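Let me begin by presenting the structure, written as structure tokens, before commenting on it.
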Amino acid sequence: MPHDTVTAPSYRLSLPQDGAAAAVFSSPHSGADYPAEMLHRSVLDARALRSSEDAFVEHLLAPAPAQGAALIAARLPRAWLDLNRSPDELDPALIEGLRPVARNARVAAGLGVIPRVVSGGRAIYAGRLTRVEAQARIEQHWRPYHDRLQALMDDAHRRCGVAFLFDIHSMPHEALEHFGARKPQVVLGDRHGSSAGREVTAAVEAAFAAEGLRVARNAPFAGAYIAQTYGRPARGRHAVQIELDRALYMDEAAVRPSADFDAFAGLMARVIARLAALGAGDAQRLAAE
């Protein structure tokens, strides 16, 4: 199916010319356009900065428009701005002029909307940022991404009477070590049923299980800001966060595709086709259950 591409400062958007699906795919952490200012000010090298990036996820989602579904992906990296956080999750330890606020575990860990650290707790900057700098990032990049994502969900709901948001992320393989020999390869987060209907999450699980992948729900990742904000099952708006084990398709240390990348991309194309089909014949049935 032919599609149109829109490139904005904060995102890339691929829209099918005949979008029939109720599905929207988002990749908020795959951005790799590192601002020169960040590279200059950071105490980390480029590879360390990329450790927080969902590298190559946007490429894995490339088949979505051919299935009639919209695909929106961040251009700016997560280390610069985290689109899966609320705009008020500001870190007083990083940003000048902020009063301490009620404890927020993500902010306390340095993983607010403007991250203080990358994976492994490594500090990004030697000093602090001004409040003006932080607000500029939010106004110039956070808000446009979310304004467009909201519009995509509204459009899907208007056309189909239901909307499905599949928010795709990657997880470090080491994050799964405590699971032992039967580590999940995919973790679905529906915030324990509050961001997506039971049958919707079950359909997503079935799509991955059909490809032989081990799937877990809500542990260790139950879904963050995007799932919480856009998932309103009672209103026919379902959001599922999907975490993919990076070891399935990439060399994490080198941040490059592994020898398995093409095979896994083919697997993802089949999964995407099944998820996009929820916006066709299954949409109204799942919305009613």
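Each value in this text was obtained by applying a stated rule to the coordinates, not by laboratory testing. Only a predicted model underlies this, so the values are computations on that prediction, with no experimental measurement involved. Neighbour counts are summed over all protein chains in view; Cβ atoms, including those assigned to glycine, are modelled from backbone coordinates with ideal geometry.
Before moving on, here are some points about what is shown:
- Residue-span extension gain [residue 133 to residue 254] - 0.36 nm each, minus C-alpha spacing: 40.5 nm
- Label-point gap, in nm, between residue 263 and residue 234 - each point 7 angstrom along Cα→Cβ: 4.6 nm
- Shape category assigned to the range 1-145 from the gyration tensor of Cα positions, a/c cut at 1.5: prolate
- Expected 222 nm ellipticity per residue - DSSP helices of 4 or more, -39500 (n - 2.57), all of the chain, to 500: -8000 deg cm²/dmol
- Based on the convex hull around the alpha carbon atoms, the chain presents an average projected area of 14.6 nm².
- Euclidean distance of C-alpha centroids, the range 172-208 and the range 111-154, integer Å: 26 Å
- Note: the range 22-104, Cα convex hull, 120 Å³ per residue.
- The mean of 1/r over all distinct Cα pairs in the range 197-273, once inverted, gives the Kirkwood hydrodynamic radius of 14.0 Å.
- Residue with peak Gaussian network fluctuation, the chain [Cα springs, cutoff 10 Å], from 198, 158, 246: 158
- In plain terms, the chain from residue 210 to residue 8 could stretch by 69.1 nm, reckoned as 0.36 nm per residue minus the Cα-Cα distance.
- Beta bridges per DSSP with both ends in the chain, % antiparallel, nearest 5: 50 percent
- Overall form of the range 128-268 per C-alpha gyration tensor (a/c, 1.5; a/b vs b/c): oblate
- Charge context of residue 183, other residues only, Cβ under 10 angstrom, K/R +1, D/E -1: 0
- Of 244, 111, 98, the residue with the greatest mean-square motion in the GNM of the chain, using alpha carbon springs below 10 Å, is 98.
- Distance cut-off 17 Å, percentage of C-alpha pairs in the range 63-193 lying past it: 68 percent
- Taken over the range 19-64, the percentage of Cα pairs per 5 Å bin, counting from 0 up to the bin with the maximum distance, is 4, 18, 24, 17, 13, 9, 6, 5, 3, 0.
- Of the residues 166, 264, the one with the fewest other Cβ atoms within 10 Å heads the list, and the complete ranking is 264, 166.
- Working from label points 7 Å from Cα in the Cα-to-Cβ sense, the residue 273 to residue 40 distance is 4.9 nm.
- Degrees, to the nearest 10: 143-160 long Cα axis against longest axis of the chain: 10 degrees
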